[in-house]
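Chemist: This is the structure, below, for whatever I ask next.
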Amino acid sequence: MGHIEWAMWANEQALASGLILIVGGIVATVGQFAQWYFGAYSIAAGALVCVLEYPRGQRQHGSTMERCGQKHVTRLVRLLGPLARNYYIRAFLHLGLAVPAGFLLATILGTACLLIASTIYLLAATRGEQWTPIEPKPKPRPQPGATIKHPPSNPPPRPPAEARRKPAGEPEGQAGGPQTNPQPVTDEVV
C-alpha cells in the first residue's frame, strides 16, 4: 500500500470546519442565544482557521493544485514561519480554538470537525510531514530552432500517414512515388 499524506486530508477538514464555525457563530450571534459571545468567538476563530488553512501545502509526491487566489494568502501564512509549518503546532492550535466553541449548541458541529482535523494533523506530524508552500514551476523557455515548423514536402491532397511510409522491401516507384488511379477519369461536359 502506498504512503498516505495525512496533511492533505487535515487541511480540507480544517478548512471546512472553519467555515462551519463561522456559520454556527453567525447563527448564535444573530439569534441572540443566551451565550452569544461564544458565537462571536466562533466567528473570529473560524476566520483565523480559514486564513491559516486556505493555502494548500505542496505534496511530497505528485502534483498539487492550487486554490484560487492562494498565492496572496500563502505570503501571509509564510510570515508565521514555523508556527504555520509545523503540524504539531497546528494540531494543538486547532484543539485550543475548538474548546471554547464547544459550549454552544450552534457551534458544536464546527467544534467536532475541528477536533477531527486536529487529530489528523497530529497523525500527520507524527509521520514527519510539514507544510511547504507550493512553488511556481519555472516555464521552460522555447528553443529558437524548435519552434520553426518545416513546410510539408508533399503537395495536397496528401495520402494518409500509413500510405506515405515506404515499406523496407518495396521499390521507390510503388509506395512513395506518384500514385496512379486504377480507373480512368474522364471529364464529360454536357
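Chemist: Calculate how steeply helix 70-79 sits against the longest principal axis of the alpha-carbon atoms of the chain, using the helix alpha-carbon long axis, and give the answer as 0 to 90 degrees to the nearest 10.
Modeler: The angle comes out near 50 degrees.
Chemist: On to the next question. Give the shape of segment 18-60 as rounded, prolate or oblate, defined through the alpha-carbon gyration tensor: a ≥ b ≥ c are the square roots of its eigenvalues, a/c under 1.5 means rounded, and otherwise the shape is prolate if a/b is larger than b/c and oblate if not.
Modeler: Cα axes put segment 18-60 in the prolate bin.
Chemist: Further, regarding this structure: Binning at 10 Å from 0, report for segment 46-148 what percent of all alpha-carbon pair distances ends up in each bin.
Modeler: 14, 37, 28, 11, 6, 3, 1
Chemist: Determine the calculated [θ] at 222 nm for the chain from helices alone, applying -39500 (n - 2.57) to every DSSP H run no shorter than 4 residues and normalising by the residue count; nearest 500 deg cm²/dmol.
Modeler: -16500 deg cm²/dmol
Chemist: Enter the angle in degrees (range 0 to 90, nearest 10) between the Cα long axis of helix 6-30 and the first principal axis of the Cα atoms of the chain, meaning the one along which they spread out most.
Modeler: Relative to the chain, helix 6-30 is tipped by roughly 50 degrees.
Chemist: How far is helix 36-53 tilted, in degrees, relative to the longest principal axis of the Cα atoms in the chain, given as a value from 0 to 90 rounded to the nearest 10?
Modeler: The helix 36-53 is inclined about 30 degrees to the chain.
Chemist: Run through all the Cα pairs of segment 1-99 and give the fraction in each 10 Å bin from 0, expressed as whole percent.
Modeler: 15, 42, 29, 12, 2, 0
Chemist: I'd like the distance between the alpha-carbon centres of segment 52-70 and segment 95-149, rounded to an integer number of Å.
Modeler: If we compute the Cα centre of each part, the gap is 7 Å.
Chemist: While we're looking at this one, here's another question. Starting from the residue with the highest accessible area, list Ser42, Ser63, Ser153 in decreasing order, probe 1.4 Å.
Modeler: The most accessible residue leads, giving Ser153, Ser63, Ser42.
Chemist: Using the Cα centre of the chain as origin and beta-carbon charges of +1 (Lys, Arg) and -1 (Asp, Glu), tell me which of Asn11, His72, Ile116 is placed farthest towards the positive end of the dipole.
Modeler: In the chain, that residue is His72.
Chemist: I would also like to ask the following. Springs between alpha-carbon pairs under 10 angstrom, Gaussian network model over the chain: which of His150, His94, His72 fluctuates most?
Modeler: His150
Chemist: I've got another one for you. Run the 1.4 Å probe and let me know the accessible area of Thr126, rounded to the nearest 10 Å².
Modeler: Solvent-accessible area, nearest 10 Å²: 90 Å².
Chemist: Okay, moving on. Evaluate the chain: find the radius of gyration of its Cα atoms, find its Kirkwood radius, and give the ratio Rg to Rh.
Modeler: 1.46
Chemist: Whole-Hz ³J(HN,Hα) for each residue in segment 117-130, computed from phi via Karplus 6.51 cos²θ - 1.76 cosθ + 1.60 with θ = phi - 60°, x for glycine and proline: what do you get?
Modeler: 4, 5, 5, 5, 5, 5, 5, 5, 5, 5, 7, x, 7, 8
Chemist: As a test question: what accessible area, to the nearest 10 Å², does Ile26 have when a 1.4 Å probe is rolled over all protein chains in place?
Modeler: Counting only protein heavy atoms, Ile26 exposes about 80 Å² to solvent.
Chemist: In what order, largest first, do Tyr41, Tyr88, Tyr121 sit by accessible area if the probe radius is 1.4 Å?
Modeler: These residues rank, largest area first, as Tyr88, Tyr41, Tyr121.
Chemist: What number comes out for accessible area per residue over the chain if the probe is 1.4 Å? Units Å², please.
Modeler: 70
The values are calculated or read from the model by the stated rules, or taken from the named source; none is laboratory data. Here the structure is a predicted model, which is why all the values come from computation and not from measurement. Cβ: placed from backbone, ideal geometry, glycine included. Neighbour counts: every protein chain shown. Note: accessible area is taken over every heavy atom of the protein model, side chains too, but ligands, DNA and RNA are not part of it. Shrake-Rupley method; radii C 1.70, N 1.55, O 1.52, S 1.80 Å.
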